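Scroll down for the structure; my scribbles are underneath it.
The values are calculated or read from the model by the stated rules, or taken from the named source; none is laboratory data. Computed from a predicted model, the values in this text were never measured in an experiment. Counting neighbours? That spans all protein chains shown, and the Cβs are built from the backbone with ideal geometry, glycine included. Areas reflect the complete protein model, heavy atoms only, side chains present, ligands, DNA and RNA absent. Shrake-Rupley method; radii C 1.70, N 1.55, O 1.52, S 1.80 Å.
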Amino acid sequence: MITAHLTSKGQVLELDDNTKVLRFHGVWLRDNAQDEDTRDPRNGQRLITLADLPEDCALSDTKVVDDRVQVTFAADSKTVSFRTDWLREHAYDVTHETAKGRLPDHAQSWNSALNSAIPTADLTQMQAGSAALKDWLGAMRRYGLAKVTGVPVSEGSLFDIVALFGFVRETNYGRLFEVRTEVSPVNLAYTGLGLQAHTDNPYRDPQPTVQVLACLENSATGGENMVVDGFAAAQRLRDEDPEGFELLTSYCARFSYTGSDGVALHSRRPMIELSPDGVLHALRFNARSSAPLVDVPFDKMPAYYAAYRRLSGIIDDPASEVQFKLAPGEAFVVDNTRVLHARKGYSGAGTRWLQGCYADRDGLLSTLAALEATP
C-alpha cells in the first residue's frame, strides 16, 4: 500500500510503498502536471511556460486514491493527480551513477567475437512486419551496428533502408555517394587504398549520426569491411590509461574538410565526448580529417598525443574488429557517433561498387520507441 504525506512546509511530497520513500518537489510536480490545462491531451506537449507557474509551488494537501496520487497547490488551490507507476518511472530521488565513460542505456559493448553474430535482417521482412523491424532497430540501439540482406541491386536502393526509420540527410556529397575507385578522387574513400577505422564526417557539427553502405558489385580482390565499437575502445582506454582517457574527454580536437570547391567544413569537439553526467556520448576519430590540435595546453600536449596514439592502437587491434565482405544485395548500417568503419585495400582486378548515404539516429530511436509502445 502506498502512503503520501507532505514535508518541508509543503514543498516536498513523500511517497512510501513500504520498501522505499520517493520525494518530489512541489515545483517539479506543478511543472509536470498531466491535466488538460498544462498539457495538450492529443500530443502531450506542454501548454504553459515556467512563467505561468506560481512563484511558490508549495502543496497544501495530498491523498492516494486507488492507483493515483492527488496533490493540491496552496497558491491557487489547483488539484492534479499522477499515476503512482508514472511517478515511480520518473523518480529522481534515486542514487545516480557517477562513473565516467559508462555506456548509454540499452547499449552493449562488443569486440571481434561479434563476427559470428552480427545482427542481420531481410529488407522485405522488415518492410512487411513490425516485429522484424523492431528487432533490427533494437539491435542497432544495442550494438550501433546491423546488416541488411535482400536489398535490390539497383542504384539508390539503400534509400529503402532509411525509409524504414527516417529520412536521408543530404550533404555536399549529395543524397548518396559512390564508393568505388576514381582517377582523381575528392576523397580517399573513392580509391582502392585501405582505410583505418574511422567515424565519418567528424568535421560536421552536428555530424551525421547514421551511415548506410549498400553493395551493388564486389568482385575485386580484398576490400573487406571492418567495424570497431568505439565505445568499447574508449572504455578500454579508460581502464588501461585513466589519465589519457581524461585528456581525450577534457580537451577539444579539431577536424576539417576543404576538398571540394565551395566547401570548408570545420568542427571543434572532444575526440571522446561524454554527457555532463559521464555517459559516453560520441566518438570522433578520423586521422584523414584531423586538423592541428590547438586547444590542448602546452604542458599537456605530449600526454595528449600519447593517449591519442594509445586509442589508435586499440582501434587497430584485430581483437577489436569485426570483419566481413559484403555481397551484392547486402548493406550494413552503423551509428556514426559510436561505430568506426574501415576497409582493407583492394586491387584493380574486378569491380567494387558501394553506395552510401547518411540519416539521423533520432528517427531510428523514435521509430523503435513507437514500436515498443505498441501493444
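Things to note:
- For beta carbons closer than 8 Å, sequence separation of 6+ or different chains, a first residue in the stretch 206-232 that is in contact (Cβ under 8 Å) with a residue 24 or more places away in the chain and closer than 20 Å to GLU155 by Cβ and a second that is aliphatic (A, V, I, L, M) and open to solvent by 30 Å² or more (accessible area, probe 1.4 Å), the qualifying pairs are CYS215/ALA327; LEU216/VAL153; ASN218/ALA327; ALA220/ALA349.
- Residue match in the stretch 271-279 (condition: closer than 16 Å to ASN225 by Cα and in contact with a Lys or Arg (Cβ under 9 Å, 6 or more places away or on another chain)): no
- Condition met for ALA307 (open to solvent by less than 20 Å² (accessible area, probe 1.4 Å), touching a helix residue (DSSP H, G or I) at 6+ places or on another chain (Cβ under 6 Å) and closer than 21 Å to ALA233 by Cα): yes
- Meets criteria (open to solvent by less than 80 Å² (accessible area, probe 1.4 Å), at pLDDT below 95 and under 24 Å from the mean Cα position of the chain (by Cα)) for TYR92: no
- Residues (part of a strand (DSSP E or B) and surrounded by fewer than 15 Cβ atoms within 10 Å (Cβ to Cβ)) located in the stretch 265-301: HIS266, ARG268
- Qualifying residue in the stretch 110-117 (condition: open to solvent by 80 Å² or more (accessible area, probe 1.4 Å) and farther than 30 Å from GLY230 by Cα): no
- On inspection, LYS63 qualifies as touching a residue at least 40 places away in the same chain (Cβ under 8 Å), open to solvent by 40 Å² or more (accessible area, probe 1.4 Å) and in a strand (DSSP E or B).
- Subset of the stretch 30-47 [more than 30 Å from the chain's Cα centre (by Cα) and surrounded by 11 or more Cβ atoms within 10 Å (Cβ to Cβ)]: ARG30, ASP35, THR38
- Within the stretch 48-60, being surrounded by 15 or more Cβ atoms within 10 Å (Cβ to Cβ) and part of a loop (DSSP other than H, G, I, E, B) holds for LEU53, CYS57, ALA58.
- Residue check, CYS252 open to solvent by less than 30 Å² (accessible area, probe 1.4 Å), farther than 30 Å from ARG180 by Cβ, at pLDDT 95 or above and touching a strand residue (DSSP E or B) at 6+ places or on another chain (Cβ under 9 Å): yes
- Unmet requirement for VAL333, which otherwise passes all of (1) in a loop (DSSP other than H, G, I, E, B); (2) within 21 Å of LEU103 (Cα to Cα): (1)
- Taken over the stretch 66-84, the criterion of being under 18 Å from MET1 (Cα atoms) and open to solvent by 80 Å² or more (accessible area, probe 1.4 Å) is satisfied by ASP66, ASP67, ARG68, ARG83.
- Those residues of the stretch 1-41 which are among the β-branched types (Val, Ile, Thr) and in contact with an Asp or Glu (Cβ under 8 Å, 6 or more places away or on another chain), in sequence order: ILE2, THR3, THR7, VAL21
- Take the conditions (1) farther than 30 Å from HIS341 by Cα; (2) open to solvent by 60 Å² or more (accessible area, probe 1.4 Å); (3) among the charged types (D, E, K, R); LYS100 misses just one of them, which is (1).
- For the stretch 125-176, residues that are touching a Pro at 6+ places or on another chain (Cβ under 6 Å) and open to solvent by 70 Å² or more (accessible area, probe 1.4 Å) total 1.
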